[in-house]
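A short write-up of the structure that comes next.
The values are calculated or read from the model by the stated rules, or taken from the named source; none is laboratory data. In this text, all values refer to a predicted model and were calculated from it rather than measured experimentally. Cβ sites come from the backbone with ideal geometry, for glycine too, and all protein chains shown count toward neighbours.
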Amino acid sequence: MTHKTDSGSRPIAARMVIRFVFTAVFSLSILFVAAGTLKWWVGWVYVAVTLAVLGVSRVLMIRKNPDLAIERAQAGAQEDTKSWDRALVPAISIYGPIVSWILAGLDYRFGWSPPFPLSIQLGALLVLVVGSSISTWAMVENRFFSSHVRIQTDRGHSVVDTGPYRIVRHPGYTGGLLSWVAAPFFFGSWWVAVPTLLVITATLARTALEDRTLQEELPGYREYTQRVRHRLLPGVW
């Protein structure tokens, strides 16, 4: 059993390494081409933090839940993946970041936004790191942390109520939203707030739809909602 799991995870691990390299080259290209210069410390720090989080989270995931790496790579093509999520995932994880990188770089090049105090940018960086850490914690804790919403009956899908799931029902989204809220302040760009608001709206919609799906289709989840009342923010929602 262990041999099969390890063998099956090797191509996925290789694919993740390729994706890691692609993300590095792609994000670097977009940010610095838009900025028109390599002399931009914010861009370099953002790329470094993004790649560090991506690398650490994927290593932890493969070590603890190698089958989750396979699930995340294949979920978008599964027949039981929700159709609405196939539309929301690209908006949140692909188009939103790309637009924000372009706007951040152009804003730096042309000075559309007034200068932000360094203290605000560093504070936003801290929030961004905290948000990314919460999302990583959620993914490592939850072996059903798929890239798309579906009831994973083929993987013995069950309710996870440990770690950050003792506090809110969707901590991965909580961390992601924190990072997005911090982004305009870290980049020092009010224009980045435009894709940020759109991504936040899409994420809130996805949270509500996913929570409803889980309540209707995952055994034990409705009872879990009675123990953990809030989806994203304790005492709020």
Practice task
Go over the candidates 134, 120 one by one and state the one that is surrounded by fewer than 19 Cβ atoms within 10 Å (Cβ to Cβ) and part of a helix (DSSP H, G or I).
Solution key: 120
Handout entry: Filter pass, residue 48 being closer than 17 Å to residue 146 by Cα, modelled with pLDDT of 90 or more and not hydroxyl-bearing (Ser, Thr, Tyr)
Key = no
Problem - Pair list, Cβ under 6 Å, 6 or more apart: segment 145-166 residue touching a residue at least 60 places away in the same chain (Cβ under 8 Å) and polar (S, T, N, Q), other residue part of a loop (DSSP other than H, G, I, E, B) and surrounded by 15 or more Cβ atoms within 10 Å (Cβ to Cβ) - result: 152/144
Handout entry: Unmet requirement for residue 58, which otherwise passes all of (1) surrounded by fewer than 16 Cβ atoms within 10 Å (Cβ to Cβ); (2) assigned to a helix (DSSP H, G or I)
Key = (1)
Practice task
Determine whether segment 191-200 contains at least one residue that is part of a loop (DSSP other than H, G, I, E, B), buried (at least 18 other Cβ atoms within 10 Å of the Cβ) and touching an Asp or Glu at 6+ places or on another chain (Cβ under 8 Å).
Solution key: yes
Exercise for the section: Would you mention how many residues in segment 105-125 are out of contact with any helix residue (DSSP H, G or I) (no Cβ under 8 Å at 6 or more places or on another chain) and either farther than 30 Å from residue 60 by Cβ or in contact (Cβ under 8 Å) with a residue 24 or more places away in the chain (or both)? Expected result: 7
Exercise for the section: May I ask you to verify whether residue 59 is closer than 28 Å to residue 118 by Cβ, at pLDDT 75 or above and under 16 Å from the mean Cα position of the chain (by Cα)? Expected result: no
